[in-house]
1. From the residues in region 122-159 that are touching a Leu at 6+ places or on another chain (Cβ under 9 Å) and of a type in the set (F, W, Y), which one is modelled with the highest pLDDT?
2. Across region 149-174, what is the number of residues that are assigned to a helix (DSSP H, G or I) and either of a type in the set (S, T, Y) or open to solvent by 50 Å² or more (accessible area, probe 1.4 Å) (or both)?
3. Is it the case that some residue within region 110-121 is at pLDDT 95 or above, among the hydrophobic types (A, V, I, L, M, F, W, C), under 20 Å from T35 (Cβ atoms) and in a strand (DSSP E or B)?
4. For region 182-208, what are the residues that are under 25 Å from the mean Cα position of the chain (by Cα) and among the small types (G, A, S)?
5. Going through region 126-139 one residue at a time, which ones are open to solvent by 10 Å² or more (accessible area, probe 1.4 Å) and touching a residue at least 60 places away in the same chain (Cβ under 8 Å)?
6. Assigned to a helix (DSSP H, G or I), of a type in the set (G, A, S) and surrounded by fewer than 17 Cβ atoms within 10 Å (Cβ to Cβ): does that describe S177?
7. Within region 212-222, can one find any residue that is among the charged types (D, E, K, R), open to solvent by 20 Å² or more (accessible area, probe 1.4 Å) and either out of contact with any Pro (no Cβ under 6 Å at 6 or more places or on another chain) or at pLDDT below 90 (or both)?
8. So for region 97-113 (the condition being over 23 Å from W24 (Cα atoms), within 25 Å of the chain's Cα centre (by Cα) and open to solvent by 40 Å² or more (accessible area, probe 1.4 Å)), does at least one residue qualify?
Amino acid sequence: MVQVVFRHGARSPLKPLPQEQAEWNLQLLEVPHQTQFDYTVTNLAGGPKPHSPFDSQYHETKLKGGMFAGQLTNMGMQQMFALGERLRKNYVEDIPFLSPTFNSLEVFVRSTNIYRNLESTRCLLAGLFQCQKEGPIIIHADEASSEVLYPNYQNCWSLRERTRGRRQAASLQPGISEDLQKVKEGMGITSNDGVDFLSLFDNMAAEQVHSLPSCPTLKTFARIIEQRAVDTALYVMHGEDRKLYLYAAHDVTLIPLLITLGIFDHKWPPFAVDLTMELYQHRESKEWFVQLYYRGEDHLNRSDCARILTLELHFLICKGDDYHLLLRPLKDSREQHPEVTGEGDAATVVSLLSPGALVLLRPHGRRQWKRNRLSNTLVGERKSREELPL
């Protein structure tokens, strides 16, 4: 099995700068003939294509030259076609893994319900299968209310709360603030109009890949703009640096949690019982370790192999309202241990996704999820899984 996660091709900026110089002419939207490949978009259940609120918003922003914000260009289409050709070489020509013709029994296609992504997928498939298909091409897209392939700020209250104001606060951080002021002064931007390094880099990158005339200041500060955009992104993702997170819950919360972690003793959780999860980082190797305490006593993992475990990559497989937790091997400092697989109650399932991340899943009809971070009680540095704006 092969899984490929790809970004869409080159596009127009999402938000124009006050001193915009590039002209986004409609000729940039011409579709290369080799990328033309018919497809149909359905929801995840095979029903009608969901509504796309993002595309409606993008069409409210018209750029100089006539294009809308966030539109895939012919350059982006060619990029995706080339990616498809590379995949064809890998999995059709060099290794006869895929059929040379698209077959829905072999290939599952999933995309966000944003037009540039759907069109990017079309171009990739055109390159991968050279516009040859057996039967229709179906691209599956989820409703905006439950989409998980981008940071869903509008519909995930937890994510929205954890990142509230952090993009604005990033521009006030030492170093970032001074560099931003220099760039804005060089561009003649004096108003406080929400221009930050993310919007500066988005415009600069779009103009560069299309070889469009750009503001000289953007070229002069290109390296700084990219670095500060990364710094801004990291600041947004890191979230708050708290040391302790307290969650007042119930017996019906703890039982499936204990089952998932493999430490349930088949006794009903008494009043005032606690499950404590400590996150450590080795000072030299930087490896992450987790220790679990239930009722004040430390516990071995399910295979009774270690009390302090190296936390490795974990996968969460979701299908409908049934959530299955697949844990890759956990190991201690002495030996590698067998793979651990567990299932939890559909009402509450917990997955340790990364150092500092704890996922609580509570299905309510459609898939919904909430993410909480483990506290790093002994180490100042902590990793987070928060995301950036689309």
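The values are calculated or read from the model by the stated rules, or taken from the named source; none is laboratory data. Since the model is a prediction, treat every value here as computed from it, not as a measurement. With ideal geometry, Cβ positions are generated from the backbone for all residues, glycine too; neighbour counts draw on all protein chains shown. Heavy atoms of the whole protein, side chains included, go into the accessibility calculation; ligands, DNA and RNA do not. Shrake-Rupley method; radii C 1.70, N 1.55, O 1.52, S 1.80 Å.
1. F129
2. Of region 149-174, the ones assigned to a helix (DSSP H, G or I) are 157-163, 166-170.
Right, trim to either of a type in the set (S, T, Y) or open to solvent by 50 Å² or more (accessible area, probe 1.4 Å) (or both) and you get 157-158, 160-161, 163, 167-168.
Matching residues across region 149-174 total 7.
3. The answer is no; no qualifying residue exists.
4. Across region 182-208, the qualifying residues are G194, S199, A205, A206.
5. So in region 126-139, the residues open to solvent by 10 Å² or more (accessible area, probe 1.4 Å) come out as 128, 130-136, 138.
Once the filter is applied, which keeps residues that are open to solvent by 10 Å² or more (accessible area, probe 1.4 Å) and touching a residue at least 60 places away in the same chain (Cβ under 8 Å), region 126-139 yields C131, K133, P136, I138.
6. Working: assigned to a helix (DSSP H, G or I): yes; of a type in the set (G, A, S): yes; surrounded by fewer than 17 Cβ atoms within 10 Å (Cβ to Cβ): yes.
It is true that S177 is assigned to a helix (DSSP H, G or I), of a type in the set (G, A, S) and surrounded by fewer than 17 Cβ atoms within 10 Å (Cβ to Cβ).
7. Taking region 212-222 first, the residues among the charged types (D, E, K, R) are 219.
Still in the list and also open to solvent by 20 Å² or more (accessible area, probe 1.4 Å): 219.
Checking the rest, the ones that are also either out of contact with any Pro (no Cβ under 6 Å at 6 or more places or on another chain) or at pLDDT below 90 (or both) come to 219.
Yes, there is a match, as at least one residue in region 212-222 is among the charged types (D, E, K, R), open to solvent by 20 Å² or more (accessible area, probe 1.4 Å) and either out of contact with any Pro (no Cβ under 6 Å at 6 or more places or on another chain) or at pLDDT below 90 (or both).
8. We begin by selecting, within region 97-113, every residue over 23 Å from W24 (Cα atoms); these are 97-113.
Retained after the next criterion (residues that are within 25 Å of the chain's Cα centre (by Cα)): 107-113.
Narrowing further to those that are open to solvent by 40 Å² or more (accessible area, probe 1.4 Å): 108, 110.
There is at least one residue in region 97-113 that is over 23 Å from W24 (Cα atoms), within 25 Å of the chain's Cα centre (by Cα) and open to solvent by 40 Å² or more (accessible area, probe 1.4 Å).
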